[in-house]
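Structure record follows, encoded as structure tokens.
Please treat every number below as a calculation from the coordinates, not as lab data. These numbers come from a predicted model, not from an experiment. Methodologically, a virtual Cβ is constructed for each residue, glycine included, from the backbone with ideal geometry; neighbour enumeration extends over all protein chains shown.
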Amino acid sequence: MNKKNFLLVLFLLLPSLVIGCKQPQTSQQTSSPFVGTQTTIPGWKKFEGRGAQLQLPESYNGGDLSQNLDVVVQKLESLGPYYQQVAQSLKQNPSIFALWAFDSKASKSGFLSNAAILTEPVGSTVTTDTYLDLLTKQLPSEFRVVERKQVTLGRYQAVQMVTEATMSGVTAKQVIYTIKQGSNIWAVTFTTTAEEFEERLPSFQQSINTFSVSD
């Protein structure tokens, strides 16, 4: 398998490492302003899955894998043999994602930028900090945490964590927004190459500001 796509598969499954982990821990974070709004972005598409909504640029394809897994897999496989492993990973783990979408405009390196939403009922004792503490402890050795801070996304309080990993000269970077809504944890992830991360970050920030989940 191509190394950049093996790295992508690792990033695909990274937030799922803590699914089912519910051991409470204590963590302190410093608040940082990050104003979110529920807006409709011209030329973007709305994706929905398990009560969650997220807008992404029109070049993205995907959505609720429980509804259109075959369509997403077919589009991935049409991009070439290097992406078949990504498609296979989705086929093997469709229930992990409430929503998954990829940018059909591949990066210069061929890495497949993507966005995903995961959710898990965790009860009242697990906070966003607890969730990310557990995730950080289970990171594969290739991964490192670049940044972690509290942010405000409209009516949601969230923790934003940026991770990156390098394998065979390819470095990928992911921003994870973790939100506690009721008794559920929602993790919204955006993944791309380290080279394109800063260029794509404004788009990721626009997208997360459109996130909403039914109460």
Tell me the net charge near ARG50. Cut-off is 12 Å between Cβ atoms, ARG50 excluded, with +1 for each Lys or Arg and -1 for each Asp or Glu. -3
Hey, what does the equivalent ellipsoid look like for the stretch 157-215, semi-axes from the Cα gyration tensor as sqrt of 5 times each eigenvalue, largest first, whole Å? 25, 13, 7
Residues whose modelled amide H sits under 5 Å from the amide H of THR127, counting only those 5 or more places away in sequence or on another chain, are GLN25
Note, the stretch 70-85: 3J(HN,Hα) by Karplus (6.51, -1.76, 1.60, θ = phi - 60°), whole Hz, Gly/Pro = x, goes 4, 5, 5, 4, 4, 5, 5, 5, 6, 6, x, x, 5, 9, 5, 5
How large is ³J(HN,Hα), in whole Hz, for each residue of the stretch 169-176 in order, when computed from phi with the Karplus curve 6.51 cos²θ - 1.76 cosθ + 1.60 and θ = phi - 60°, using x for Gly and Pro? x, 9, 10, 10, 9, 9, 10, 10
Rounded, prolate or oblate: which fits the stretch 44-179 when a ≥ b ≥ c are the square roots of the eigenvalues of the alpha-carbon gyration tensor, with rounded for a/c under 1.5 and prolate only if a/b beats b/c? oblate
Could you list which residues have their amide H under 5 Å from that of SER113, counting only those 5 or more apart in sequence or on another chain, with H placed in the peptide plane? ASP103, SER107
Can you tell me how the stretch 69-114 classifies by the Cα gyration tensor, rounded, prolate or oblate, using a/c under 1.5 as the rounded cut? prolate
Evaluate the distance, in nm, between pseudo-label points positioned 7 Å from the Cα of VAL71 and of SER124 along their respective Cα→Cβ axes. 4.1
Can you give me the Cα centroid spacing of the stretch 93-138 and the stretch 144-185 in angstrom? 9
Kindly flag which residue pairs out of LYS46/LYS149; LYS45/LYS137; LYS75/LYS137; LYS137/LYS180; LYS108/LYS137; LYS45/LYS149 have an alpha-carbon separation exceeding 25 Å in this structure. LYS46/LYS149; LYS45/LYS137; LYS75/LYS137; LYS108/LYS137; LYS45/LYS149
Rounded to one decimal in nm, the spacing of the 7 Å Cα→Cβ label points at LEU79 and LYS149 is 3.0
For GLU120, enumerate residues with amide H under 5 Å from its amide H, sequence gap 5+ or separate chain, H modeled in the peptide plane. ILE185
